[in-house]
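Below is one structure, written out as structure tokens; the observations come after it.
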Amino acid sequence: MKIWLAYRFTGADIEELRKRLELIRSSFAAIGMTVVTMIQDIQNWEATRLPKAEVVRRAYELMPSCDGCVCIYHDASPSEGRGWDAGFFAALGKPTVMALRDGIALPYHEALFTENSSNVASGWPSIIRYDDLGEIAPSFWMKMRRERKV
């Protein structure tokens, strides 16, 4: 299973971001899933290497090959990009998951993820709460197993 990961990149320290995304990627790999991200798989860690139009074009090509989208909200910044990614996947009829850090509340965004009917059809959770980024993949897997009753 291939997961598109939406994560706020703007203003992030690149080395800290690299560590966080590698932790997330390895935790999903441990449960047999592949993670695809814009900054790793399209921009190769060089945010200014490609013109924005080219990055978006490549994202449009790559996103439909993914089975669904996990959007990570590590802070209270709503970030339009993650919402755009979730909307794109919902329009494709694919599930979207909001990974929301404990203590953060974004009621409007939470409602958008909960309303995606593809989550119910696929057995994917709508919202995962986490404290540590390494908890997202195991929580995703446990909730998915519970929904699918496998």
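The values are calculated or read from the model by the stated rules, or taken from the named source; none is laboratory data. This structure is a prediction, so every number in the text was calculated from the model and none was measured. Here Cβ is always computed from backbone atoms with ideal geometry, including for glycine, and neighbour counts include all displayed protein chains.
Would you call Arg49 modelled with pLDDT under 90, closer than 17 Å to Ile128 by Cα and not hydroxyl-bearing (Ser, Thr, Tyr)? Full working, then the answer.
Values: modelled with pLDDT under 90: yes; closer than 17 Å to Ile128 by Cα: no; not hydroxyl-bearing (Ser, Thr, Tyr): yes.
No; evaluated as a whole, the condition is false for this residue.
Which members of region 22-54 meet the condition of being under 26 Å from Trp141 (Cβ atoms) and of a type outside the set (A, V, I, L, M)?
Glu22, Arg25, Ser26, Ser27, Phe28, Gly32, Thr34, Thr37, Gln40, Asp41, listed by residue number.
Filtering region 115-150 down to residues that are among the β-branched types (Val, Ile, Thr) and surrounded by 15 or more Cβ atoms within 10 Å (Cβ to Cβ), which residue is farthest from Ser77 (Cα to Cα)? Spell out how you get there, then give the answer.
Step one: filter region 115-150 for residues among the β-branched types (Val, Ile, Thr), giving 120, 127-128, 136, 150.
Now drop any that are not surrounded by 15 or more Cβ atoms within 10 Å (Cβ to Cβ), which leaves 127-128, 136.
Values: Ile127: 17, Ile128: 17, Ile136: 19 Å.
By that ranking, first place goes to Ile136.
Yes or no, residue by residue, for (1) in contact (Cβ under 8 Å) with a residue 24 or more places away in the chain; (2) surrounded by 15 or more Cβ atoms within 10 Å (Cβ to Cβ):
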| residue | (1), (2) |
| --- | --- |
| Glu46 | no, no |
| Glu54 | no, no |
| Ala59 | no, yes |
| Met63 | yes, yes |
| Asp75 | yes, no |
| Arg82 | yes, yes |
| Lys94 | yes, yes |
| His109 | yes, yes |
